[in-house]
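Asks: Quick one: this structure, given as structure tokens, is what I'll be asking you about.
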Amino acid sequence: MGGAALRVAVLVVASAYAALALTFVGGDLATRSAVAVAVGALVAWRCAAPAPHVVVVLGGLALAGEATSFAPVVLALAPLAHLLLRVAWWASHVPLAARVELRALLPDARRFVVVQGAVQAVGVVLLLVAGTVTSPVVLAVGGAALLALTVVLLRRT
């Protein structure tokens, strides 16, 4: 896989993440789509550490307005955020003209599957509990547990 292909992957993943996160901000679809593609292009251009992390944090802040219950879109945003950070890391370390063997990406891909499997399982349980429990304290504890699990599993990232 070439460095240019990694940049295209960053563009696609960052745009998808931004588009999904922007659904909570409001506005018309054309504006949200244009902003999402611009964000994806910016992150693809500057793959180094602060750019993808800022996009992930801003996407999380877009969810802050939805504090009434557990938003199921988080189950899609979590793997997109994780994938964005990993692909951006690879893109920032592989020059445009260089190539990386797929075998080198395999350990990272395995870890992605394990981490996202655990995060998604906890997220689904939290989603099921959120449908039956209306206490914001229970939702906050569940969200904190999901965050703690994510931090523990992603510590080596």
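The values are calculated or read from the model by the stated rules, or taken from the named source; none is laboratory data. The structure displayed is predicted, hence computed values, not measured ones. Using ideal geometry, Cβ is built from the backbone for each residue, glycine included, and neighbour counts are taken over all protein chains shown. Ligands, DNA and RNA are excluded from the accessible area calculation, which covers all protein heavy atoms including side chains. Shrake-Rupley method; radii C 1.70, N 1.55, O 1.52, S 1.80 Å.
Asks: If Ala48 passes every condition in (1) at pLDDT below 85; (2) touching a Pro at 6+ places or on another chain (Cβ under 8 Å) but one, which one does it miss?
Replies: Here Ala48 clears every test but (2).
Asks: Determine which member of the set Ala71, Ala62 is in a loop (DSSP other than H, G, I, E, B), under 21 Å from Ala144 (Cβ atoms) and open to solvent by less than 60 Å² (accessible area, probe 1.4 Å).
Replies: Working: Ala62 fails: in a loop (DSSP other than H, G, I, E, B).
The conditions single out Ala71.
Asks: Only one of (1) part of a loop (DSSP other than H, G, I, E, B); (2) within 23 Å of Phe24 (Cα to Cα) fails for Leu83. Which number is that?
Replies: Looking at each condition in turn, Leu83 falls short on (1).
Asks: In addition: Could you tell me which of the residues Val35, Val73, Val55 is among the hydrophobic types (A, V, I, L, M, F, W, C) and closer than 30 Å to Val137 by Cβ?
Replies: Val73 is the lone residue from the list that is among the hydrophobic types (A, V, I, L, M, F, W, C) and closer than 30 Å to Val137 by Cβ.
Asks: Right, another one. Going by the structure shown, is Asp108 farther than 22 Å from Ala144 by Cα, open to solvent by 60 Å² or more (accessible area, probe 1.4 Å) and of a type in the set (Asp, Glu)?
Replies: no
Asks: How many residues are open to solvent by 40 Å² or more (accessible area, probe 1.4 Å), free of Cβ contacts under 8 Å to residues at least 40 places away in the same chain and small (Gly, Ala, Ser) when one looks only at region 40-58?
Replies: The number of residues fulfilling the criteria is 1.
Asks: Among the listed residues Leu128, Leu96, Leu154, Leu83, identify the single one that is surrounded by 13 or more Cβ atoms within 10 Å (Cβ to Cβ) and either more than 23 Å from Pro50 (Cβ to Cβ) or at pLDDT 85 or above (or both). Reasoning before the result, please.
Replies: On the way: Leu128 fails: surrounded by 13 or more Cβ atoms within 10 Å (Cβ to Cβ); Leu96 fails: surrounded by 13 or more Cβ atoms within 10 Å (Cβ to Cβ); Leu154 fails: either more than 23 Å from Pro50 (Cβ to Cβ) or at pLDDT 85 or above (or both).
Unique residue meeting the criteria: Leu83.
Asks: Separate question: Which residue out of Leu61, Leu6, Leu80, Leu11 is in contact with a Phe, Trp or Tyr (Cβ under 7 Å, 6 or more places away or on another chain) and either closer than 30 Å to Val141 by Cα or free of Cβ contacts under 8 Å to residues at least 60 places away in the same chain (or both)?
Replies: Working: Leu61 fails: in contact with a Phe, Trp or Tyr (Cβ under 7 Å, 6 or more places away or on another chain); Leu6 fails: either closer than 30 Å to Val141 by Cα or free of Cβ contacts under 8 Å to residues at least 60 places away in the same chain (or both); Leu11 fails: in contact with a Phe, Trp or Tyr (Cβ under 7 Å, 6 or more places away or on another chain).
The match here is Leu80.
Asks: Right, here's the next one. So, in region 85-113, of the ones that are touching a Leu at 6+ places or on another chain (Cβ under 8 Å) and among the β-branched types (Val, Ile, Thr), which residue ends up farthest from Ala44 (Cα to Cα)? Please lay out each step first, then the result.
Replies: Here is the first cut: in region 85-113, the residues touching a Leu at 6+ places or on another chain (Cβ under 8 Å) are 87, 90-91, 94, 100, 112.
With the extra rule that they be among the β-branched types (Val, Ile, Thr), the set shrinks to 87, 94, 100.
On the way: Val87: 10, Val94: 13, Val100: 17 Å.
This residue is Val100.
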